[in-house]
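Asker: Quick one: the structure is below, and I'll ask about it shortly.
The values are calculated or read from the model by the stated rules, or taken from the named source; none is laboratory data. Here the structure is a predicted model, which means the values were calculated and not measured. When we count neighbours, we look across all protein chains shown, and the Cβ atoms used for this are built from the backbone with ideal geometry, even at glycine. Only protein heavy atoms, including side chains, enter the accessible area calculation; ligands, DNA and RNA are left aside. Shrake-Rupley method; radii C 1.70, N 1.55, O 1.52, S 1.80 Å.
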Amino acid sequence: MMLRRGFILFLPRLVGLLVVACCSVSIVYMLACTPKGDNQQLAFPRVHSPTVKEGYEAILQEREEQHRNYIISLKKQIAQLKAELQGRSEQLKNVQDQYPDPLDNRLDHSNTEKAQANLLAFLRSQVDKAEVHSGVKLSTEYAAVPFESFTLQKVYQLETGLTRHPEEKPVRKDKRDELIEVIELAVGSLNNPEGEGNAKHHVYTASDFVEGIYRTEKDKGTLYELTFKGDTKHQFKKIVLFRPFGPVMKVKNENVNMADTLINVIVPLAKRASKFRQFMQNFREMGIQQDGRIHLTVVYFGKEQMNEVKSILENTSKSANFKNFTFIQLNEEFSRGKGLDIGARFWKGNNVVLFFCDVDIYFTAEFLNSCRLNTQPGKKVFYPVLFSQYNPSIIYGHHDSIPSLEQQLIIKKETGFWRDFGFGMTCQYRSDFINIGGFDLDIKGWGGEDVHLYRKYLHSNLIVIRTPVRGLFHLWHEKQCLDELTPEQYKMCMQSKAMNEASHGQLGMLVFKQEIETHLHRQKLSSKKT
C-alpha cells in the first residue's frame, strides 16, 4: 500500500523528466537539421509555421524562383544587345555600300564587276558632293571657289602664278594637256549623241568651240562647262564635264537657245555726260548692231546735265532706230544700289536677264552671250571678273601718242589687272534678284551695296559663277573719294584709286624717278671720262 502510494507520487516527476528529455532531443534535432540563412544564422520556424520539411521546400522554391527571374533578365539583355549589334551592322553595311572604299576596290580583284561598280558609285558620289546640280550655302565671299575661263588659244586666270600674266597660252604641260583632253572629249560626245541612232547631225570640231570655264574643288574634282556653236547663229551646245580626280565623266549634254533671251542693261547715272556719250558709242556698236537682243534702262539722279544725257540717248535712238530704252529720273542724292534696284523693279515684261553696269564699262558682244549662258533662273547667277585698265597716260607716257581706246583694250599685266575685289558688274535673272531681296537701300553713295548683294547670293542655294572674262573692261578714269563717305567707304575708295593707276613696277618707276635720273646722269659722266 505504501509502495503504491510512493509510485503514484513518483509518477508525475517521471513524466516531467520524460517531457524534458523529449524537448531536449527535439531542440538538438532542430539545431542539427534546420538550413542556414544567408548570413549563416539558424532559421527557427516561427509559431504556427509549417513543419521543418515544408519550410525547407518553401525556401528552395523561393531561391529557384529568384534564379529563374535572374536568368529571364539576362536573356532579355542578351536579346537587346543582339538587336543593337544587328542594327549597327546594317548601318555600317549601308554606309559601305553608299561610299565604298576605292582602295579596297583596287585591292580586291576577286570580283571585277563589283569592284568596277563600287568605283563608279564612288565617283558619282563625288559629282553629287560638288556644286554641279545645285549651289552650296557659303558663310562668306572668301569661301567661294572662282572659275577660270579659256578658249582654244588662251586661259584667263585669277591665280597667275609666277608669270603674273592675267591671260596666257598654258605654259605648264599638265594644264595644256588637261584642257585639250576636255575639248576633245566634248567634241566626241557631241558627235556621238545618245539616243539618236544613225540620224544625221552636224559634225563638230574643235573650231566650233566658243569658250569654257572650269574650277577645281580640291576635295572633289574639276568641273568644266564648255560652250560650242549651235546649228544657227543664236543657238549653242553646252557640255558639262566633271573630273573626280579620275576619269572625266559627262554630266550633261543640252541644247541652249538664246535667240529670244533679252538682256536689260541697267545704268545708274549722275552728271558725267561725256562718259555717257562714250558708253553709248560702245552700246550702239556691241549691243544694238552686233547683238540686237538688248534693252537699256538709265536711272538718272538730279537734273544737272540731264538734258544733255537725254539728248545723247534720243540721238542714238533715232540714228540706230532703237526703241528699247527706258529713262527714269530721280530728284535725290545719287545711290548706285537704289538706282539699280529701281531699274530692276521698273521692268514689267517677262522674266529678263539683268546686267548691272556702270557708265565707265566697255563690253563686247561675246560678253553679252557669256552673260546669257552663265545665268539660269532659280539656279545660276553670273559674277564676271572684269579687266581694269591702268592710267593710259602712265602706261603710254613714253610713246609719242596714246593709242585709240580699242587698241588699249588688251589683257596684259602692263595694261591692267583682274578686278577681283569688285562685285558691281553682275548678270542675273530678274526673278532671282527680286526673290533674294534686292539691294540694301540704306547704303548711300559709293561702294558696299554690291558686296551685300553678292553675299546674299552666296548664302542662298544658287550657283554663283565667278570667273574672269575677256570681253568686259573697266575704263580708267580719275577717281575722287568724297569727304561725305563713311570711313569704311573712303578706305575702299582709296584702295581702288591706288590700284587703278599702274602696276607695281610702273608705280615704282615713278616713285624712284629721281634716283633713276641721277643714276643715268652718273653713267653719262663716267662714260665721258673714259
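Condition check ((1) open to solvent by less than 80 Å² (accessible area, probe 1.4 Å); (2) modelled with pLDDT under 90; (3) farther than 28 Å from residue 413 by Cα) across all residues:
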residue: 460; (1), (2), (3): yes, no, yes
residue: 473; (1), (2), (3): yes, no, no
residue: 482; (1), (2), (3): no, yes, yes
residue: 489; (1), (2), (3): yes, yes, no
residue: 492; (1), (2), (3): yes, yes, no
residue: 496; (1), (2), (3): yes, yes, no
residue: 524; (1), (2), (3): no, yes, yes
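Asker: Only one residue in 367, 322, 355 is among the hydrophobic types (A, V, I, L, M, F, W, C) and part of a strand (DSSP E or B). Which one?
Answerer: On the way: 367 fails: part of a strand (DSSP E or B); 322 fails: part of a strand (DSSP E or B).
Among 367, 322, 355, only 355 is among the hydrophobic types (A, V, I, L, M, F, W, C) and part of a strand (DSSP E or B).
Asker: Then there's this: Based on this model, can you work out whether residue 213 counts as hydrophobic (A, V, I, L, M, F, W, C), under 18 Å from the mean Cα position of the chain (by Cα) and either open to solvent by less than 50 Å² (accessible area, probe 1.4 Å) or over 19 Å from residue 469 (Cβ atoms) (or both)? Give the steps one after another, and end with the answer.
Answerer: Working: hydrophobic (A, V, I, L, M, F, W, C): yes; under 18 Å from the mean Cα position of the chain (by Cα): yes; either open to solvent by less than 50 Å² (accessible area, probe 1.4 Å) or over 19 Å from residue 469 (Cβ atoms) (or both): yes.
Yes, satisfied.
Asker: Let me ask something else. Among the residues of segment 330-347 satisfying the criterion of being part of a helix (DSSP H, G or I) and hydrophobic (A, V, I, L, M, F, W, C), which is nearest to residue 428 (Cα to Cα)?
Answerer: Out of the qualifying residues, it is 344.
Asker: From the set of residues in segment 235-254 that are surrounded by fewer than 17 Cβ atoms within 10 Å (Cβ to Cβ) and at pLDDT 85 or above, which is nearest to residue 372 (Cα to Cα)?
Answerer: The residue in question is 235.
Asker: Now, a different point. Quick check: anything in segment 308-320 closer than 19 Å to residue 360 by Cβ and open to solvent by 30 Å² or more (accessible area, probe 1.4 Å)?
Answerer: yes
Asker: What tally of residues in segment 261-282 results from selecting those that are farther than 16 Å from residue 367 by Cβ and of a type in the set (Phe, Trp, Tyr)?
Answerer: Result for segment 261-282: 1.
Asker: For residues that are open to solvent by 80 Å² or more (accessible area, probe 1.4 Å) and at pLDDT below 85, scanning just segment 183-201, find the one that is nearest to residue 373 (Cα to Cα).
Answerer: That would be 194.
Asker: Also: Across segment 401-440, what is the total count of residues that are part of a helix (DSSP H, G or I) and small (Gly, Ala, Ser)?
Answerer: The qualifying residues number 1.
Asker: Examine segment 331-341 for a residue that is free of Cβ contacts under 8 Å to residues at least 60 places away in the same chain and not hydroxyl-bearing (Ser, Thr, Tyr), and state whether such a residue exists.
Answerer: yes
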